[in-house]
Amino acid sequence: MKRDILGFLLVRRLRQSPAFTFLIAALLCGVFAGGLTGMYIPQANGSYVQELAKLVASNAAGRMPSVRTVCAGAAGTFGWIAAAGVLGAVPGRALWIALLTAVRGFLLSFAAAAALAQSGLWGIYIAFVSIGVSAVFWLPAMLLVGTAALEIGAQQSRYFRAWKQYGGLCLLCALLLLLSLAWRLLAVPVLLGLF
């Protein structure tokens, strides 16, 4: 098999895998549940979810991130993908990775819907800038790493050693995650601070 430096041939093969379709279905279930919950719950007064919705909406402070924010953002961005990679080694990997993907989809959709419910039209802008554009980068990385984890776990007895043949994919996903993190830390505060 021809070897390519950024794993584009591997990405193509993983996209055609049934595991990839399975993870997309899990993600869409989470997105649907998060959207419904995010639109409904913030309307209840005095709830913790309403406070969370206000926090999402108040992300429009327009300040540059602190070191603590950078560390938390990096942990959040890379943590989900690392968790998907590690869960491929445990028994019941398909269930755990699908659950992780569904939870990530739920949180994505909930945050966007909560911003919309809390701030109206301004919430659409907040959700697009702070959540949507970032998801364009991390979402493919999560689906690809989850699919690779399912395939490696099903075929290999030495799970972590088998990731060596997926080095190009890991590099590509790391670049996507760095773009997502850079967007969240550098572009989002500026764009939200414009209005």
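The values are calculated or read from the model by the stated rules, or taken from the named source; none is laboratory data. Source: prediction; values computed, not measured. Cβ sites come from the backbone with ideal geometry, for glycine too, and all protein chains shown count toward neighbours. When the accessible area is computed, the model is the full protein with side chains, heavy atoms only, and any ligands, DNA or RNA have been set aside. Shrake-Rupley method; radii C 1.70, N 1.55, O 1.52, S 1.80 Å.
Values computed for the structure shown
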quantity	calculated
Helices (runs of 4 or more DSSP H) wholly inside segment 100-174 that include at least 3 residues being open to solvent by less than 50 Å² (accessible area, probe 1.4 Å) and either modelled with pLDDT of 95 or more or farther than 18 Å from ALA82 by Cβ (or both)	121-127, 133-155
Selected residue (only one of ALA53, ALA61 is buried (at least 21 other Cβ atoms within 10 Å of the Cβ), closer than 20 Å to LEU192 by Cβ, modelled with pLDDT under 90 and touching a helix residue (DSSP H, G or I) at 6+ places or on another chain (Cβ under 8 Å))	ALA53
Residue under evaluation VAL70, criteria (1) open to solvent by 70 Å² or more (accessible area, probe 1.4 Å); (2) modelled with pLDDT of 80 or more; (3) hydrophobic (A, V, I, L, M, F, W, C), criterion not met	(1)
